[in-house]
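Below you'll find the structure, written out as structure tokens, and then a few comments.
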Amino acid sequence: MSITVPNTKRAKQAAKGPYGHLGTVLNELDDRLGVAEGGRSFMDKIFPDHWSFMLGEIALYSFVVIMVTGVFLTLYYIPSQALVTYHGSYLPLDGMRVTEAFASTVNLSFAVRAGLLMRQMHHWSCDIFIGSMVVHMARVFFTGAFRKPRELNWSIGLTLLTLAIVNGFLGYSLPDDLVSGTGIRIAYSIVLSIPLVGTYLGFFAFGGNFPGTSVIPRFFIMHVLIVPGIMLGLVGAHMFLLYRQKHTQFPGEGRTEKNVVGSPMFPVFMAKTTGFLLLVTGVTALLGAFAQINPIWQFGPYEASRISYAVQPDWYMAFLDGMLRIFPAWSFHSFGYTIPFEVTIPAVIFPGLLFGVAYAWPTLERLFTKDNEMHNLLDRPSNRPKRTAAGAAVLAMLSTLFLASSTDVIANFFHISLTTVLWSMRVLVLVSPFVAYPITYKICKEMQGIKGGGKRKTPNVVTRTEEGEYLASSAPVYVDDLPSELEPTEVPRYITSPPKEPDVAEPGARIVER
Amino acid sequence: MSDVHESRTPVTLSGLPEDDPHLQPAANDPRQVERVIAVTFALGLLLVAGFGACYWIAAPPWTLGATMGGGLTLLGVGLVAWGKYLMPAGPFVEERHSHASSPEARDALAAAIVQRGGSVVKRRKLLGGLLTGGLGIFGIVAIFPLLRSLGPLPKGTLFHTDWRKGTYAVDSTGRRVQVGDLAVGSIVTVYPEGLENSDRGQAVDQTVLVRISNENFTTQKGRETWGPMGYLAYSKVCTHLGCPVGLYEQELQLLVCPCHQSMFNVTNGAIPQFGPAPRPLPQLPLYVDASGYIRAQADYNQPVGPGFWERG
Ligand code: FES
């Protein structure tokens, strides 16, 4: 007996099932990998919508831009300190003795088609990357998104930030130009300042006393392989944890600790997020086209005994530079040993403490609040005045340090003496956190006291007393339009002050307690 | 338009009837939004094509970035708008499942580790110890040589420069500096002869030669012979973080480091007068030989540059 297969077009179509080619492909895939169920739940995965959740996406996509443009650059850059005589399309440098690293960077900027664009995009996307990471981290901090169960992802994020800063520095150093060479010199001296092992570390890292012969090749392999390799792994882990633990959300209509409200992965989130990828790339390209960044041919090649004026590092290192500038010259000499505290404290101990506290923060907060619950709903910053104030204090200090990295520029600009600037910076850095803390704390408290604080609009009722005085009080609240934030959510355990009573309760006015 | 999203009760995505309001676009007038997005996409498409054209004809670099950036930005804006206004408005809700396992499952895991692992390790303590020892030693043995071969040991390198008794001071072109070369108030960077083009000469031996008068000049007690004919020589490596101390404030007779504004007074032995530098710049003792050349009496009497542990 033979089975007759009807040979019409329609029959073929029918044999394929209602989903045609796609169906066939999926069937084949599912036979081998079993993707159907997981794939479907992936499509249905819900992503909460809030503008602040986009910050992490910007960071992710600028990382993509960095990698793509970076690969382009590796094709032309030569990581070598060997000296060559420059003969290229940039005439002012013609005939100069420069390192191959410098020459190849100038060449890839001028002689390679689209090379300058790629280089500038690479630098700009790095600045955007670190900037958006910092803002993303602030969002996570102030809304309490780092709380259980997400402490691990907080640490991964912090590590990513640290690595990004390190890699930014390494990459900035690669062109071997005058400004970046000075940066390397400073970094070397900072390593030297570490007690006990500093000189050994410095000699091992640089292959000898500064400048050594291996800095550029070593920085190169760190910059393009080792650090980004680790970062790529960590980005993967960051995303995986986000996927597995699901996104946090702000309280709101129908939102609880036990659900996620928002848009599905496919198609809504997919469309928006792909749109962001294009946007980030597009904006970076526009910056690369119109905003010149790091024109190394104007700085010239590095020579250890030359220096340009107004030396400043990239913005994300500026707080360290500021600290180095304003820290007093406290060198410690005793027992035949030196600890250069004027370097060790601002450049090693201070950043170590800063990042150490950041790593420990989720644990510290858990210890202090004794809150060991799972948290999927975010805090409004004003509901956690102490945390918010602490964050504000640190930000205030970091911003003054950022300012302090341009003491000379400030002094020149305002025609005041450097000494005045130095001392005001020292005072500001010490005082700013102590000013920012109470002010922020007070603002948070005030916002808690305001009825409907943090919500969109609450109607007021204006009443007129018999004496003719006008008084405003919150409109009566009906169960139907109760502010949705408070209703379905678990009430946080440590809101410190309950919302204030309305000032005036007109006899007879129907006020429903919230 | 986003208010639609805020004010509706979230529902589960699957099993919704097609006319459910949650599945309708968020825009009030989808047709109009569609037209706007279509124009945005069309412009974006043109620009991206223009990028190709610009690349092909090797147009100036900024046109490449402008076309590519403009095009991608427009496509991105259009796509975000498409997702926001024309796709199902939602909001949808999804349950969060706790990944915490049941207490039994946790106990079962712990039991497996303790019972199986414990019995293996406890019964074979010797084997376990040897294996751990082997791996531990390998770790140490592997890491130390690896570190060690990265670079030489510091030894005494940081304590000396290449200045010796009788070394000629030369400028960056290799020309020996003579006593008549500098006017009072001017400076020049000098190197030990023969090292003016070497890395070490530039990074370690670099020295500022400043002339502050026409007579022998004493900066400190015990340095009576160090400044012949008003020539003073100081290490150019800043004692803060090693930047070249490249600025000379002639009126105030200060050497200024451009990195963090440390200022050193050349008349009193380069004692820091301002800024974070903790120590004076070491002074190089000079003499003028019979033919009028500036030469070093000896090496610096202390390590040059930033501080480090062994410096003492
Ligand atoms: S390196 Fe000279 S002041 Fe810092």
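Numbers for the structure displayed
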| quantity | calculated |
| --- | --- |
| For segment A:184-252 versus segment A:405-445, the gap between their alpha-carbon centres in whole angstrom | 31 |
| Area hidden from solvent between A and B (accessible, protein heavy atoms only, 1.4 Å, total, Å²) | 7300 |
| Accessible-area ranking of B:Glu224, A:Glu342, B:Glu196, largest first, probe 1.4 Å | B:Glu224, B:Glu196, A:Glu342 |
| Burial ranking of peptide ranges A:329-335, B:199-205 (average Cβ count within 10 Å, highest at the top) | B:199-205, A:329-335 |
| Residues along segment B:193-225 losing 30 Å² or more of accessible surface when the other protein chains are present rather than the chain by itself (probe 1.4 Å) | B:Asp199, B:Gln202, B:Ala203 |
| Highest average packing first - A:87-98, A:119-130, Cβ atoms within 10 Å | A:119-130, A:87-98 |
| Delta accessible area of at least 40 Å² on complex formation, residues of segment A:407-452, 1.4 Å probe, chain isolated as reference | A:Leu418 |
| Fraction in percent of alpha-carbon pairs per bin - 20 Å, the protein assembly as shown | 12, 35, 32, 16, 4, 0, 0 |
| Between segment B:61-109 and segment B:138-209, the Cα center-to-center distance that results, in Å | 56 |
| Protection proxy ranking of A:368-381, B:45-58, A:58-71 - average other beta-carbon atoms within 10 Å, highest first | A:58-71, A:368-381, B:45-58 |
| Contour minus Cα-Cα distance for A:Asn412 and A:Lys9 (0.36 nm per residue) | 136.8 nm |
| Span from the segment B:239-282 Cα centroid across to the segment A:34-75 one, whole angstrom | 50 |
| At R0 = 25 Å, FRET efficiency that the Cβ-Cβ distance of A:Asp94 and B:Arg175 yields, to 0.05 | 0.55 |
| Given charges at Cβ of Lys, Arg, Asp, Glu: the protein assembly as shown dipole, positive-most of A:Ile216, A:Gly70, B:Asn216 | A:Ile216 |
| Rough spin-label spacing in nm, given labels placed 7 Å along Cα→Cβ, for B:Leu135 and A:Asp30 | 4.3 |
| Dipole of segment B:176-295, positive direction: furthest Cα of B:Leu232, B:Gln250, B:Phe264, with charges on the beta-carbon | B:Phe264 |
| Of B:Gly139, B:Val121, B:Ala105, farthest towards positive along the dipole that unit charges on Lys, Arg, Asp, Glu beta carbons give segment B:105-148 | B:Val121 |
| Apportionment of accessible area to carbon and sulfur, segment B:118-185, percent (1.4 Å) | 71 |
| Under the span-like rule (Cα at least 15 Å along the axis, Kyte-Doolittle mean at least -1.0), DSSP H helices of chain B | B:30-56, B:61-81, B:125-148 |
| Cα gyration tensor category, rounded, prolate or oblate, for segment B:105-148 with a/c compared to 1.5 | oblate |
| Test item: Cα-centred dipole of segment B:161-311, Lys/Arg +1 and Asp/Glu -1 on Cβ, debye | 240 |
| Rough spin-label spacing in nm, given labels placed 7 Å along Cα→Cβ, for B:Leu126 and A:Val462 | 9.5 |
| Protein-only accessible surface order, largest first, of A:Lys246, B:Lys155 at 1.4 Å | B:Lys155, A:Lys246 |
| Within segment B:105-148: Cβ-based charge dipole about Cα centre, in debye rounded to nearest 20 (Lys, Arg +1; Asp, Glu -1) | 140 |
| Whole-number accessible area per residue in Å² for chain A, which is evaluated in the context of all protein chains at 1.4 Å | 51 |
| Segment B:6-86 - percent of accessible surface contributed by carbon and sulfur, probe 1.4 Å | 68 |
| Threshold 50 Å² - residues in segment B:233-253 whose accessible area is reduced by that much or more when the chain is no longer isolated, probe 1.4 Å | B:Leu241, B:Pro244 |
| Set A:Lys246/A:Lys386; A:Lys370/B:Lys125; A:Lys45/A:Lys445; A:Lys9/A:Lys272; A:Lys148/A:Lys445; A:Lys258/A:Lys386 screened for pairs whose C-alpha atoms are more than 31 Å apart | A:Lys370/B:Lys125; A:Lys45/A:Lys445; A:Lys9/A:Lys272 |
| Average accessible surface area per residue within chain B, 1.4 Å rolling probe, Å² | 51 |
| Shape of segment B:147-303, Cα gyration tensor, a/c cut at 1.5 | oblate |
| Helical segments meeting 24 Å axial Cα length and Kyte-Doolittle -0.5 threshold in chain A (DSSP H) | A:54-74, A:115-142, A:151-173, A:227-245, A:270-290, A:350-369, A:385-404, A:418-449 |
| Cβ charges +1 (Lys, Arg) and -1 (Asp, Glu), total dipole of the protein assembly as shown, debye | 1960 |
| Calculated [θ] (222 nm, deg cm²/dmol) that DSSP helices of n ≥ 4 give over chain B, each run adding -39,500 (n - 2.57) | -10000 deg cm²/dmol |
| Computed label-point distance, nm, for sites A:Leu83 and B:Asn268 using a 7 Å Cα→Cβ extension | 4.0 |
| Averaged over B:264-275, number of beta-carbon atoms from partner chains that fall within 10 Å | 1 |
| Accessible-area composition of chain A, carbon plus sulfur, in percent [1.4 Å probe] | 68 |
| Averaged over A:106-115, number of beta-carbon atoms from partner chains that fall within 10 Å | 2 |
| Cα gyration tensor, segment B:6-86 - rounded (a/c under 1.5), prolate or oblate | prolate |
| For segment B:244-259, 3J(HN,Hα) per residue [Karplus equation, 6.51 cos²θ - 1.76 cosθ + 1.60, θ = phi - 60°, Hz, x = Gly/Pro] | x, 7, x, 10, 10, 8, 5, 5, 8, 6, 10, 8, 10, 8, x, 6 |
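The values are calculated or read from the model by the stated rules, or taken from the named source; none is laboratory data. Given the structure is predicted, the values throughout are model-derived calculations rather than measurements. Quick reminder, even Gly has a Cβ in these numbers, built from the backbone with ideal geometry, and neighbours come from all protein chains shown. Accessible surface areas use protein heavy atoms only, side chains included; no ligands, DNA or RNA. Shrake-Rupley method; radii C 1.70, N 1.55, O 1.52, S 1.80 Å.
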